[in-house]
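> One structure, as structure tokens, below. Some questions next.
Read the figures in this text as sums done on the coordinates, not as results from a lab. Computed from a prediction, not measured in an experiment: that's the story for all the values here. Ideal geometry is used to build each Cβ from the backbone, glycine not excepted, and the neighbour counts take in all protein chains shown.
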Amino acid sequence: MAPTKPSTTGRAAVVHMGCRVNRFEAAWIEQTLSGAGWEVMAEPSGSDLVVVNTCTVTTESDRQARQLIRRLSAANPSGKIAVTGCYAQVDPQAVAAIPGVDLVFGNGEKGRLLDLLDADSGTVAVGAPEERDVFDEVDLEAFAHQTRAYIQIQNGCDQKCTFCIIPAARGPSRSLSHQRVLEQSARLLAAGHRELVVTGVDLGDWHDGEVGFSALVAQLLELAGLERLRISSLDPAHIDSRLMDLFTHPKLMPHLHLSLQAGADRTLTRMKRRARRDEILAVGLALQHANPTITFGADVIVGFPGEDYGDFLQTWDLVRRLQITHLHVFRYSPRPGTPAARFPDPVDYLAARRRAKHLRRLGDRLLARRLDGLVGQTVEVLTEAGSEGQWRGRTAADFEVVGQGSIPKGRLIRVEIVEREGGVLKGKTPSGLAKIGIHTTV
């Protein structure tokens, strides 16, 4: 066994991949390290410790994780590389075999990081996720370097879609208590964040006794100091009439990422999804009726076993009818251990590639059309960190806006949109339009 690298405090960096849950947990790890005396760096270069929080939603995610770990190890040859997250949870031995990796620890072991740093090089500490039935409570004080604050209120998933490996990485569905959600949110607002992003693995499954997700959102909207509330990703089956009505509230951002996956009933059934095409379409159209400014994002898989061209066209048509502008298209890749990996009738690789290309082109056109419609309008933007001489931020509908000048991050400003460049809007702050909010603590 190789000698243990020093685990005394020094410079540390946390690199995350994938979803907003991972982003939340990366901030938790940063806070843990900072509280133990580590100097947490915004960039990993030159760090004594690099923690990589991985994703495993696709085989491509695994490949990217391996590539990232190798690159970080090469850039920090004398530093310690610790790997966690869903890829580390699902295939810890493969991660441990990557040259330069000193420590592999699972999702359930993230709270033990400080103890594990003293372990011998090559240590693998990964518990069984199915044994976890209690939500790990995290007291997160703030999100350093970010204007948005993420709050994870739910973890795990009981749905077990046939293509999905995530239940094996995250365990059963479990929820943060109602009171703790409100306390954590109030703490983040008190730290200066004006926008909260509510997140979870199967977010709409959140509940605490008789209190369901829609009721919780209604209470979050009433918190003092809140300017913006954003919901990350929801299964359309979890969107009820009360939540639809809440999208008329000025503080609930008119953007929603739909966990869609497909638009043909035959494919949705084989995937073991909760909702069917007509239900998804009805929910989307009802939300657009409640708030015509709403925009949708979605995850879509093409080339699922048994998908024919007619099935693909139904998915294409559903994306078109719902005007999905933030589209993430994945070509199906079988995951060992999932039922779909054993399904017959695989789709030809080149055919799946063509379908993915066509769907991405549709998403690009829908995005361009929506952005072009904003040119000449004045919108509200929450500024984020930009480069020297340039500010950047996000609209309520989650479109990126950039402009010339020096505006500190964390300001809510009124911006005139002057043009579109690709998938980004360019804006300016017209004379006389007041800045309507500011915070400087994050």
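> Taking the Cα centre as origin and putting +1 on Lys and Arg beta-carbons and -1 on Asp and Glu beta-carbons, what dipole magnitude results for the chain, to the nearest 20 debye?
1420
> Could you work out the pair-distance distribution P(r) of the range 146-227 from its alpha-carbon pairs, with 5 angstrom bin width and percents rounded to whole numbers?
3, 15, 24, 21, 16, 11, 7, 2, 0
> Now for a different question. For HIS328 and ASP245 in the same chain, what is the full-extension length gain: residue separation times 0.36 nm, less their Cα-Cα distance, in nm?
Details: separation 83, 0.36 × 83 = 29.88 nm, distance 2.66 nm.
Net length gain for the segment: 27.2 nm.
> If I stretch the segment between ALA42 and GLU141 completely, what's the gain in nm (0.36 nm per residue apart, minus their alpha carbon distance), one decimal?
33.9 nm
> Compute from the Cα atoms of the range 378-428 the Rg and the Dmax, the latter being the longest Cα-Cα distance, and quote both in angstrom.
9.5, 26
> Follow-up question, since we're still on this one. Report the one residue of VAL198, ILE166, SER177 whose Cα lies farthest in the direction of the positive end of the charge dipole of the range 141-270 (charges on C-beta: Lys and Arg +1, Asp and Glu -1; origin at the Cα centre).
ILE166
> Same structure again: Lys/Arg Cβ at +1, Asp/Glu Cβ at -1, dipole of the chain taken about the Cα centre: which of LEU243, VAL57, TYR309 is farthest positive-ward?
So the residue we want is TYR309.
> Tell me the volume per residue, in Å³, of the convex hull enclosing the alpha carbons of the range 166-291.
Details: hull volume 14.0 nm³, N = 126.
Normalising the Cα hull of the range 166-291 by residue number yields 111 Å³.
> Here's a follow-up. Could you work out the relative contact order of the chain, using alpha carbon pairs under 8 angstrom and six or more residues apart, expressed as a whole percent?
Relative contact order, the chain: 10 percent.
> Rounded to the nearest 20 Debye, what is the dipole magnitude of the range 254-372 about its Cα centre when Lys and Arg each give +1 and Asp and Glu each give -1 at the C-beta?
Numbers: 21 positive and 12 negative charges, 48 e Å.
Magnitude of the dipole: close to 220 debye.
> With each pseudo-label sitting 7 Å past Cα toward Cβ, what's the ARG266-SER78 distance in nm, one decimal?
6.2
> Roughly how many nanometres apart are two label points built 7 Å out from the Cα toward the Cβ at THR378 and ARG342?
Taking the two extended label points, one gets 6.3 nm.
> Can I ask one more? As a check on your grasp of the helix formula, calculate [θ] at 222 nm for the chain: sum -39500 (n - 2.57) over DSSP H runs of n ≥ 4, divide by the residue count, round to the nearest 500.
The per-residue figure over the chain is -9500 deg cm²/dmol.
> Next question, about the same structure. Rounded, prolate or oblate: pick one for the range 11-127, where a ≥ b ≥ c are the square roots of the eigenvalues of its C-alpha gyration tensor, a/c under 1.5 means rounded, and failing that, prolate if a/b is larger than b/c, else oblate.
Since a/c stays below 1.5, the shape of the range 11-127 is classed as rounded.
> Shape call for the range 254-372 from the C-alpha gyration tensor, a ≥ b ≥ c root eigenvalues: rounded (a/c under 1.5), prolate (a/b greater than b/c) or oblate? Mind dumping the intermediate values first?
On the way: a/c = 2.26, a/b = 1.59, b/c = 1.42.
Here the range 254-372 falls in the prolate category.
> Here is a further query. Where the only charges are on Cβ atoms (+1 Lys, Arg; -1 Asp, Glu), what is the dipole of the range 11-127 about its Cα centre, to the nearest 20 debye?
Details: 10 positive and 13 negative charges, 63 e Å.
Rounded to the nearest 20 debye, it is 300 debye.
> Taking only C-alpha pairs under 8 Å that are 6+ residues apart, what is the relative contact order of the range 132-250 in percent?
Relative contact order comes out at 27 percent.
> Follow-up question, since we're still on this one. Once you have the Cα-Cα distance between ARG369 and GLU419, take 0.36 nm times their residue separation minus that, and quote the gain in nm to one decimal.
Additional length available on full extension: 16.8 nm.
> Among VAL381, LEU412, THR395, which residue has its Cα furthest toward the positive end of the charge dipole of the range 378-428, with +1 on Lys/Arg Cβ and -1 on Asp/Glu Cβ?
LEU412
> GLN219 to GLN404: FRET efficiency via 1/(1 + (r/R0)^6), r the Cβ-Cβ distance, R0 45 Å, to the nearest 0.05?
Efficiency computed from Cβ-Cβ geometry: 0.65.
> Take the cross-link list LYS251/LYS409; LYS272/LYS357; LYS357/LYS428; LYS251/LYS426 and give me the ones stretching past 31 Å between alpha-carbons.
LYS357/LYS428
> If you take every DSSP beta bridge whose two residues both sit in the chain, what share of them, in percent to the nearest 5, is antiparallel?
35
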